[in-house]
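Read through the structure below, which is laid out as structure tokens, and then see the notes.
The values are calculated or read from the model by the stated rules, or taken from the named source; none is laboratory data. Treat the numbers as computed from the prediction; the structure is a model and nothing was measured. Counting neighbours? That spans all protein chains shown, and the Cβs are built from the backbone with ideal geometry, glycine included.
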Amino acid sequence: MRRWRPLKWPICCDVWNLESVSANRARSFARRLALQALYQMQINPRSWQDTYQQFAEDPEAERVDRDYFRELVAAIAPNREALDARLTTLSEIPPLELDPIEHAVLWLGLHELEDRPELPYRVALDEAVQLAKQFGATDGHKYVNAVLDRAAKELRPDEYGKPIASPVGQPLE
């Protein structure tokens with residue numbers, strides 16, 4: 001039987017900024033909660049303020065970046081028609097025929113691509129695809145990825161297609 005020896009070198013985590021990691025997780029949870037709120041607003045139409053209040057009181061909301069959650073719901077809910085108009089140009093499926101989960105995920109992704117320029121488009125796409133994988137139909141994530149990729153190409157032409165920079169500033173290949 002093999003015994004594990006202690007490491008000769010200490011594990012150094014200076015590169016990891018744990019506060020940043022937890023802040024990113026809180027934003028991911030905010031997106032998840034916003035998805036659930038947007039889904040509910042499609043199924044059971046209510047004001048976004050009532051829906052926000054209901055989800056903000058949920059015990060799961062403890063792990064959420066509440067400001068970001070509120071920003072997402074407050075920005076997307078009143079602008080669903082404008083987002084649907086944009087979706088019409090990007091998608092071969094009319095917005096009213098979309099599955100409610102994929103519809104809400106596309107609203108989230110489009111909002112982040114349009115209104116959050118500081119957020120890299122790859123992050124917006126990845127977060128949306130992960131939500132679609134977790135909550136959507138079997139292959140819904142593929143559709144979400146294709147539509148948001150078209151949106152990123154249109155909305156972020158300067159950023160789209162550039163190589164990812166490595167931590168030391170050299171492009172990865």
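Descriptive notes on the structure:
- Verdict on residue 52 being in a helix (DSSP H, G or I), over 30 Å from residue 142 (Cβ atoms) and among the aromatic types (Phe, Trp, Tyr): yes
- Search result, residues across the range 19-73 that are of a type in the set (S, T, N, Q) and over 19 Å from residue 113 (Cβ atoms): 20, 22, 36, 40, 42, 44, 47, 49, 51, 53, 54
- Pairing each residue of the range 42-55 that is more than 15 Å from residue 71 (Cα to Cα) and in contact (Cβ under 8 Å) with a residue 40 or more places away in the chain with any residue that is of a type outside the set (D, E, K, R) and in a helix (DSSP H, G or I), provided the two are 6+ apart or on different chains, yields C-beta distances under 8 Å for 42/100; 42/103; 42/104; 43/100.
- Against the test of being buried (at least 19 other Cβ atoms within 10 Å of the Cβ), in contact (Cβ under 8 Å) with a residue 60 or more places away in the chain and closer than 18 Å to residue 103 by Cβ, the options 72, 87 yield a single qualifying residue, 87.
- Some residue of the range 3-24 being assigned to a helix (DSSP H, G or I), among the charged types (D, E, K, R) and modelled with pLDDT of 75 or more: no
- Within the range 111-134, the set of residues being within 11 Å of residue 76 (Cα to Cα) and in contact with a Lys or Arg (Cβ under 6 Å, 6 or more places away or on another chain) is empty.
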